[in-house]
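See structure below.
Derivation of every value follows stated rules applied to the coordinates shown; laboratory data play no part. Note that the coordinates shown come from a computational prediction; the quantities given were computed from them, not determined experimentally. Glycine also receives a Cβ, built like all others from the backbone with ideal geometry; neighbour counts cover every protein chain displayed.
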């Protein structure tokens with residue numbers, strides 16, 4: 001029986017050693033689980049940070065899209081305004097050409113009348129002279145008026161070309177913003 005007791009004690013001792021090993025493995029597994037849980041918490045915090053950054057970036061993109069849409073609407077309005085101005089400039093040029101034509105016609109008429117005056121010098125000299133002097137004065141006044149109108153149209157044309165240059169720069173900036181926005185979205 002003593003032998004049986006020794007065998008039983010060795011068996012119990014062996015079982016105790018196995019139980020201790022199992023407990024050690026359980027403790028190790030618990031430690032590993034804690035480390036994994038700690039890593040999960042860290043990754044969860046990192047994921048929250050990334051989600052927050054993504055949210056901020058999306059907000060920035062939305063604001064940029066809104067601003068870009070506003071700029072595009074302003075550019076479209078400016079483009080329409082530019083077309084109207086170009087039409088006005090063409091109208092002013094046509095008006096100026098008409099004024100120049102009338103002026104040229106009157107100058108030609110004056111020249112013709114002057115030649116007629118010289119041919120009929122012996123005739124009704126005083127009457128023709130008075131008429132020609134009145135016509136000359138009238139043409140002189142109209143010439144001054146036309147010169148002022150021509151200067152005004154030239155100033156307007158210069159200003160319009162400056163605005164066209166500005167609008168062209170705005171359109172280039174919009175194209176650059178579109179390219180930038182397109183590259184951001186990619």
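Between residue 159 and residue 97, what's the calculated FRET efficiency when r is the beta-carbon distance and R0 is 22 Å? Round to 0.05.
That pair, residue 159 with residue 97, gives E of 0.65.
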Over the chain, the sum of -39500 (n - 2.57) across DSSP H runs of at least four, divided by residue number and rounded to 500 deg cm²/dmol, gives at 222 nm -37000 deg cm²/dmol
Principal-axis tilt of helix 125-185 within the chain, Cα atoms, nearest 10 degrees: 10 degrees
Between segment 172-186 and segment 29-93, how far is it from one alpha carbon centroid to the other, in angstrom? 12 Å
Put a dot 7 Å past each Cα toward the Cβ at residue 104 and residue 52; how far apart are the dots in nm? 7.7 nm
For a label point 7 Å along the Cα-to-beta-carbon line of residue 177, residues of segment 74-102 with backbone N under 16 Å: 74-80
Between the modelled labels at residue 73 and residue 41 (7 Å from Cα along Cα→Cβ) the distance in nm is 5.0 nm
Taking neighbour counts of Cβ atoms within 10 Å as a proxy for exposure, in what order, fewest first, do 91, 181 appear? 91, 181
Value of relative contact order over the chain, rounded to a whole percent, pairs C-alpha under 8 Å and six or more apart: 34 percent
Label assignment, P(r) over Cα pairs in 10 Å bins from 0, in percent derived from the structure, set (1) 8, 27, 23, 11, 7, 6, 6, 4, 3, 3, 2, 0; (2) 7, 14, 11, 10, 9, 8, 7, 6, 6, 5, 4, 3, 3, 2, 2, 1, 1, 0; (3) 10, 37, 32, 16, 5, 1, 0: (2)
If you line up the long axis of helix 2-119 against the longest principal axis of the chain, both from Cα atoms, how many degrees apart are they, to the nearest 10? 0 degrees
Give me the distance in nm between label points sitting 7 Å out from Cα along the Cα-to-Cβ direction at residue 9 and residue 166, one decimal. 10.8 nm
